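S.K.: Handing you this structure, nothing more for now.
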Amino acid sequence: MKRKILAAMDGSEQAINAVRYISRIFPAQNTQVVLIHVREEVPEAFLDLRRDPGFRASVAPVSAWATQMKQNIKKSMTEAKAVLTDAGFPPESVDIKIQAKRVGIARDILKESHDGYNLVVAGRTGVSGIKDVMMGSVATKLVGRLPHIPVVTVGGSPDSKKILIGFDGSRGAMNAVDCIGKLMGDTDCEVTLCHVIRPMGIHLGFMKLFNPEQEADWTTANRAEVEPALSEAVTRLKNAGFSAGRISTEIVANKISRASAITHKAEEEGYGTVVVGRRGLTAVEEFIMGRVSTKILNMASKMAVWIV
């Protein structure tokens, strides 16, 4: 298939790393990439103050800053396109779109995302590079406001073609499987479906309530319940183009935190991508995303996280 990807650009190095991720994981000949930058404009009313001698000195530095920002973005977009073309993407498959902010940066990208895109990709942190926040504000807003297509936030510079899908048998997890099958079935990526079983006692808040035999029975029952769904997921990936040798499944038992277990496995075993459904089995409607998905998004800071 010809996939169409919207890459949000802000002039930061992390945005360039997000483009590098696209260049490494997607087939160059079957992928269209649109690099979009929504520009913050200096208000016209402020620039009009240049006619007032009392304000002229104050306006000049702001005008110079705006000019410099435009030059920086143009340079960054050129660099991003070069990353893709150097990886084999045809020049005509990489478009640059720079526009002035109309409503808001995230909302303008949201509007653009409805134009036939399969995926939105953004750097985890923006141009400010603030270290004391989990993600940049634009990336956070995109994750919260783009439920109709997958959103990928890229932290660090992941280059592994190993994909880990957090799988709980829910409709959201199956949607994640179908998404990976559709967008990655013709690649050489490897996929692991990982299901985490938490201890029986944690569901009641009494970790010491059940003995080892009861916990073992709980694990066995959970395995039996999820295995048919795992088998169905494997079948869907095969039907989408994945060979059997590129698919594996794993059930991890007796882990208190599902998010921590999945993130730790990804870090320890060299996965570059973690994929989760937007909602899990509980599908609590008052939350934008499931708790596990949110935790993984916050914890997996040096890899690409797909929210499907």
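S.K.: Apply the Karplus parameterisation 6.51 cos²θ - 1.76 cosθ + 1.60, with θ equal to phi minus 60°, to every residue of the range 184-198 and state each ³J(HN,Hα) to the nearest whole Hz, in sequence, with x for glycine and proline.
M.R.: Values, residue by residue: 10, x, 9, 9, 9, 6, 9, 10, 10, 9, 10, 10, 10, 9, 8 Hz.
S.K.: Moving to a separate point now. Hey, can you grab everything whose amide H is under 5 Å from the amide H of I98? Only 5+ residues off in sequence or another chain; H modelled, so Pro and N-termini drop out.
M.R.: The list, which skips near neighbours in sequence, is H37.
S.K.: Another question, then. Give me, ordered by chain and number, the residues 5 or more places off A253 or on other chains with an amide H under 5 Å from its own placed amide H.
M.R.: Amide H to amide H, under 5 Å and 5 or more residues apart or across chains, A253 pairs with I197.
S.K.: Can you list residues from other chains, or at least 5 along the same chain, whose modelled amide H is less than 5 Å from the amide H of V121?
M.R.: Correct list: L6, A7, A8, V152.
S.K.: While we're looking at this one, here's another question. Consider all pairwise Cα distances in the range 136-227 and report the whole-number % of them above 22 Å.
M.R.: Tail of P(r) above 22 Å: 50 percent of Cα pairs.
S.K.: Between A66 and S231, what FRET efficiency follows from the Cβ-Cβ distance if R0 is 35 Å, with the result rounded to 0.05?
M.R.: Result of the calculation: an efficiency of 0.05.
S.K.: If I compute solvent accessible area with a 1.4 Å probe over the protein chains, what percent of it on the range 148-227 is carbon and sulfur?
M.R.: 52 percent
S.K.: Now for a separate question. Chymotrypsin sites (Phe, Trp or Tyr not before Pro) within the range 190-281: which are DSSP loop residues with at most 11 other Cβ atoms inside 10 Å?
M.R.: Sites meeting the loop and neighbour criteria: F206.
S.K.: Based on the Cβ-Cβ distance of A216 and S243, what FRET efficiency does E = 1/(1 + (r/R0)^6) give at R0 = 45 Å, to the nearest 0.05?
M.R.: Numbers: r = 35 Å, r/R0 = 0.77.
With R0 = 45 Å, the Cβ-Cβ based efficiency is 0.85.
S.K.: Which of the pairs K2/K162; K75/K302; K81/K255; K75/K295; K111/K255 have their Cα atoms more than 32 Å apart in this structure? Spell out each step's value before the answer.
M.R.: Working: K2/K162 22 Å; K75/K302 25 Å; K81/K255 43 Å; K75/K295 35 Å; K111/K255 40 Å.
Beyond 32 Å: K81/K255; K75/K295; K111/K255.
S.K.: Which aspartates and glutamates, on any chain, are close to K70 with Cα under 13 Å apart, when same-chain ones fewer than 8 places away are left out?
M.R.: By straight Cα distance, K70 reaches D10, E40, E41.
S.K.: Please turn the phi angles of the range 264-272 into ³J(HN,Hα) values with the Karplus equation 6.51 cos²θ - 1.76 cosθ + 1.60 (θ = phi - 60°), one per residue in order, whole Hz, x for glycine and proline.
M.R.: Using θ = phi - 60°, the values come out as 4, 4, 4, 5, 6, 10, x, 7, x Hz.
S.K.: Quick one: if you take sqrt(5λ) for each eigenvalue of the C-alpha gyration tensor of the range 206-246, what semi-axes come out, biggest first, whole angstrom?
M.R.: Whole-Å semi-axes of the equivalent ellipsoid: 34, 9, 8.
S.K.: OK, next. Taking only protein heavy atoms into account and a 1.4 Å probe, give the accessible area per residue of the range 59-126 in Å².
M.R.: 53 Å²
The values are calculated or read from the model by the stated rules, or taken from the named source; none is laboratory data. All values reported here derive from a predicted model rather than from experimental measurement. Using ideal geometry, Cβ is built from the backbone for each residue, glycine included, and neighbour counts are taken over all protein chains shown. Note: areas computed on protein heavy atoms with side chains; ligands, DNA, RNA excluded. Shrake-Rupley method; radii C 1.70, N 1.55, O 1.52, S 1.80 Å.
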